[in-house]
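Notes follow the structure.
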Amino acid sequence: PLSHINLKAKQNHTPNAYIRGAATRPEMVALAGRYVHLRIEPEGYTLAEATPADVDAFLDSLRPREPQIPPRNLSVTAVAPLAAIGFADSNSVGAKAANLAELAQLFYRGGEFQGYAVPFYFYDEFMKHNGFYEDAAALMADPAFRNDPQTRESRLASFRRKLRDGALPAWMLRDLAALQDAFPRGTSIRCRSSSNNEDLPGFNGAGLYESYTHHPDEGHMAKSMKQVWASLWTYRAFEERDFYRVDHLQAAMGVLAHQNYEDERANGVAVTKNIYDVHWPGYYVNVQAGEDLVTNPPPLSIPDEFLVANLAGAERYEIQYIRHSNLVPAGSSLLTKEQVFELADMMDRIQKHFRVLYHIHPADRDFAMEIEFKLTAAGRLSIK
């Protein structure tokens, strides 16, 4: 339920339901290849043919009226350890890096979490150094690119290849080498997208961009950095920005770098509120075994799905399982009761901390943070 595709459907008001035998239902077969109005209701759905004008009117009702300029502070010119930045730095390093820095200070005050933020400035200088902004502007001005989705997808793929082959100025190569050397020798480094148009209030950007792991045998870290920067121009990201009228040339990619953790016991996604009854404090959790990702699950993957809530019972929390993972023996759970309680305590701190940062009134019961977490090989819960 908390996969990227479901979060996107929620954000974009996309009808989202499982309809058994949809491909053979007469009412659906009759409308194959046509525009439709699909409405999902608590006990079923309604389906009717729609006109192109209906579709245009509906989509226009969802789009912002004016162009959007994402925040892009280029005055920050140096790679920074997460210990030196925080929530307020999202306009220079992206919300993902800024929020993880905030989490590191909330949970790891001893500084044992090692991570760094590469600011938007590096992406901007890379684009200017290679003349890629001019290439992007020419690409978007081409009528064939604007009018034909297949042409757009193909040319964006070619543009990403150009970015991955782009040259870096000498100073940037030195700075990225220093970042790489800051990690213990032999460390695989996770390079995560942290753009200025994802992880924002009202716009999660889930799945738009790509992250890469730079392994010790891959040489200079510039390789993985360019891969992350190039992912700003994926077809799905371009289409999403275009729909929301985001200025593509003002989009910028920061990179969050930290040690890559392998052989995790479990991974999960959670929402810091009781999605069934907001009047009872609680948390909704999906967790799956190993690296069988909740965010992008393979076919037939079913996670542990549960609610952990403060229901004034005999213990601090009550765990209510909706279903169990299909990757563990029947009746088993991926997290122990103690681990679930620890996770709930961490989510409570996250909710309270970020509520203040986002200036959300305490009486607002709708506010929630969506988090990803893992259970490491050592059995430690880590909010990532």
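The values are calculated or read from the model by the stated rules, or taken from the named source; none is laboratory data. Owing to the predicted nature of the structure, the values given are computational and were not obtained by experimental measurement. Backbone-built Cβ (ideal geometry, glycine too); neighbour counts: all protein chains shown. Quick note on the areas: whole protein, heavy atoms, side chains included, nothing else; ligands and nucleic acids left out. Shrake-Rupley method; radii C 1.70, N 1.55, O 1.52, S 1.80 Å.
Points to keep in mind about this one:
- Among the residues listed as LEU139, LEU106, the single one being in contact with a helix residue (DSSP H, G or I) (Cβ under 8 Å, 6 or more places away or on another chain) and in contact (Cβ under 8 Å) with a residue 40 or more places away in the chain: LEU106
- Answer residue from segment 319-347, given it is over 20 Å from PRO1 (Cα atoms) and assigned to a helix (DSSP H, G or I) and is most open to solvent (accessible area, probe 1.4 Å) among those: GLU338
- Residue within segment 55-62 that is closer than 30 Å to ASP247 by Cα and touching a residue at least 24 places away in the same chain (Cβ under 8 Å) present: yes
- One residue from PRO216, PRO184, PRO201 being in contact with a Gly (Cβ under 6 Å, 6 or more places away or on another chain) and open to solvent by 30 Å² or more (accessible area, probe 1.4 Å): PRO216
- Among (1) farther than 22 Å from ASN204 by Cα; (2) at pLDDT 95 or above; (3) exposed (fewer than 13 other Cβ atoms within 10 Å of the Cβ); (4) not polar (S, T, N, Q), the one test that VAL356 misses: (1)
- The residue that is farthest from LYS384 (Cα to Cα), counting only those in segment 80-109 that are of a type in the set (Ser, Thr, Tyr) and modelled with pLDDT of 95 or more, is SER92.
- Selected residue [open to solvent by less than 30 Å² (accessible area, probe 1.4 Å) and outside any helix (DSSP H, G or I)] from LEU168, LEU176, LEU163: LEU168
- Filter pass, ALA9 being outside any strand (DSSP E or B) and at pLDDT 95 or above: no
- Residues that are over 22 Å from the mean Cα position of the chain (by Cα), open to solvent by 60 Å² or more (accessible area, probe 1.4 Å) and at pLDDT below 95 do occur in segment 280-297, at least one of them.
- Assessment of segment 306-315 against the conditions (open to solvent by 10 Å² or more (accessible area, probe 1.4 Å), in a loop (DSSP other than H, G, I, E, B) and within 13 Å of LYS374 (Cβ to Cβ)) yields no matching residue.
- Pick from segment 1-24, criterion open to solvent by 80 Å² or more (accessible area, probe 1.4 Å) and of a type outside the set (Phe, Trp, Tyr), ranking: farthest from PRO297 (Cα to Cα): THR24
- In segment 128-160, the residues that are touching a Phe, Trp or Tyr at 6+ places or on another chain (Cβ under 7 Å), open to solvent by 80 Å² or more (accessible area, probe 1.4 Å) and not basic (Lys, Arg): GLU153
- Apart from one condition, GLU372 fits all of (1) farther than 18 Å from LEU100 by Cβ; (2) touching a Gly at 6+ places or on another chain (Cβ under 8 Å); (3) surrounded by fewer than 18 Cβ atoms within 10 Å (Cβ to Cβ); the exception is (1).
- Cross-chain or 6+ apart pairs with Cβ under 8 Å, segment 166-183 first and of a type in the set (Gly, Ala, Ser), then surrounded by 17 or more Cβ atoms within 10 Å (Cβ to Cβ) and not in a helix (DSSP H, G or I): ALA177/MET221; ALA178/VAL79; ALA182/GLN114; ALA182/TYR116
- Within segment 65-116, the set of residues being part of a loop (DSSP other than H, G, I, E, B), surrounded by 19 or more Cβ atoms within 10 Å (Cβ to Cβ) and β-branched (Val, Ile, Thr) comprises VAL79, ILE85.
- Of all the criteria given as (1) assigned to a helix (DSSP H, G or I); (2) without any contact (Cβ under 8 Å) to a residue 60 or more places away in the chain, the one not satisfied by ASN274 is (1).
- Of all residues in segment 345-369, those that are more than 22 Å from GLU198 (Cα to Cα) have Cβ atoms under 6 Å from Cβ atoms of residues that are among the β-branched types (Val, Ile, Thr) and assigned to a loop (DSSP other than H, G, I, E, B), 6 or more apart or on another chain, in ARG365/VAL278.
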